[in-house]
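The values are calculated or read from the model by the stated rules, or taken from the named source; none is laboratory data. Just so we're clear, the structure is a prediction, and the values are computed from it rather than from any experiment. For neighbour counting, all protein chains shown are included, and Cβ atoms are generated from backbone atoms with ideal geometry for every residue, glycine included.
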Amino acid sequence: MPRSTQEWIRLSLRTPGILIFGLVMAPCGWVLDLTATVAPNWRTLHNIPNRPSDEFIQQGIWDICRATSTNTRAECNLLDTTYFNNEIIQPAQGLMVASLIVTLIGLAVAIPGVRCWRDRPNWTVAGLGGLLIFLSGVMTIIPIAWYTHNLTDIATVTPVIDVRVGYCIILGYIGGIFEVLGGFVMFIGICRCCGGKNRGEVRVDEVEANRFSRQKPPPRRVEVPSLSRARSNASSVPYTKDSLDDDVSFPRAKSPAARSVNTSYGGRPYDADL
């Protein structure tokens, strides 16, 4: 009975590339998001009035620090009620923490579905984990983009103060993009597309057809003529023995004449001569 054309098979037992990509990008994005969440450097304030020119303030979503360009030690835990009461701070705190938690949940769901103890991945479970990782990246990008858009409009900023983007914004963008890409790539494995290439699968019929076409043809039989034939008297040589004597480029030695027996001599005959 012929097999159904909807049957698929994996030619390799290695973990699919899309799942490896997602499991590498998601932890990297989580580390960057964690740094962006806890570090107090979402923006930096320079040229603060009534303060030394080399002094600057670093503001984050959890803490505020004061430092100088000549002293590497910063003074943190500064109070700024106006800054922390801004409408963007509390949503940013909640979304960043939620993003970290959802990423861990997504990894915990995706890892068992990737390959563990099975020859074939559980694409539904791995795709669900990828969806959670994708959502965690979105939850990171939203507060980062919102804070960047209102960077100079947040309270405690005067026209004199020079406002600069902090490194937490850069790390947050990179981490969120990592999680969005990793989660999306893992999620597309939940459905088979591109002829099964996203899962590393091929149709069973195609495998059988390729295997049949690659079979070597049987060796061709070659008839070898028999060497046990009777030798013919007719010669295929286009010359004869006499022609060899004529076609000579150097003089031949003359053969000696036949010796004749001469019995007419004056000696005494022997019995043999009688």
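The criterion of being of a type in the set (S, T, Y) and farther than 21 Å from L171 by Cβ does not hold for T72.
Just wondering, is there one or more residues in the range 46-56 that are crowded, with 16+ Cβ neighbours inside 10 Å and closer than 15 Å to A26 by Cα? No, the range 46-56 contains no residue that is crowded, with 16+ Cβ neighbours inside 10 Å and closer than 15 Å to A26 by Cα.
A quick yes/no check of all residues on (1) within 32 Å of the chain's Cα centre (by Cα); (2) among the small types (G, A, S); (3) farther than 23 Å from T44 by Cβ; (4) surrounded by 16 or more Cβ atoms within 10 Å (Cβ to Cβ):
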residue: Y83; (1), (2), (3), (4): no, no, no, yes
residue: T103; (1), (2), (3), (4): yes, no, yes, yes
residue: G106; (1), (2), (3), (4): yes, yes, yes, yes
residue: R120; (1), (2), (3), (4): yes, no, yes, no
residue: G127; (1), (2), (3), (4): yes, yes, yes, yes
residue: L135; (1), (2), (3), (4): yes, no, yes, yes
residue: Y147; (1), (2), (3), (4): no, no, no, yes
residue: N150; (1), (2), (3), (4): no, no, no, no
residue: I154; (1), (2), (3), (4): no, no, no, yes
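Here I111 does not fit the description of being outside any loop (DSSP other than H, G, I, E, B), more than 30 Å from P52 (Cα to Cα) and modelled with pLDDT of 95 or more. Name the single residue, out of those in the range 53-88 being touching a strand residue (DSSP E or B) at 6+ places or on another chain (Cβ under 7 Å) and among the charged types (D, E, K, R), that is modelled with the highest pLDDT. Out of the qualifying residues, it is R66. Does T72 fit the bill of being farther than 18 Å from R164 by Cβ and not in a helix (DSSP H, G or I)? Here the answer is yes, as T72 does meet what is asked. In the range 111-124, the condition of being touching a residue at least 12 places away in the same chain (Cβ under 8 Å) and small (G, A, S) is met by at least one residue.
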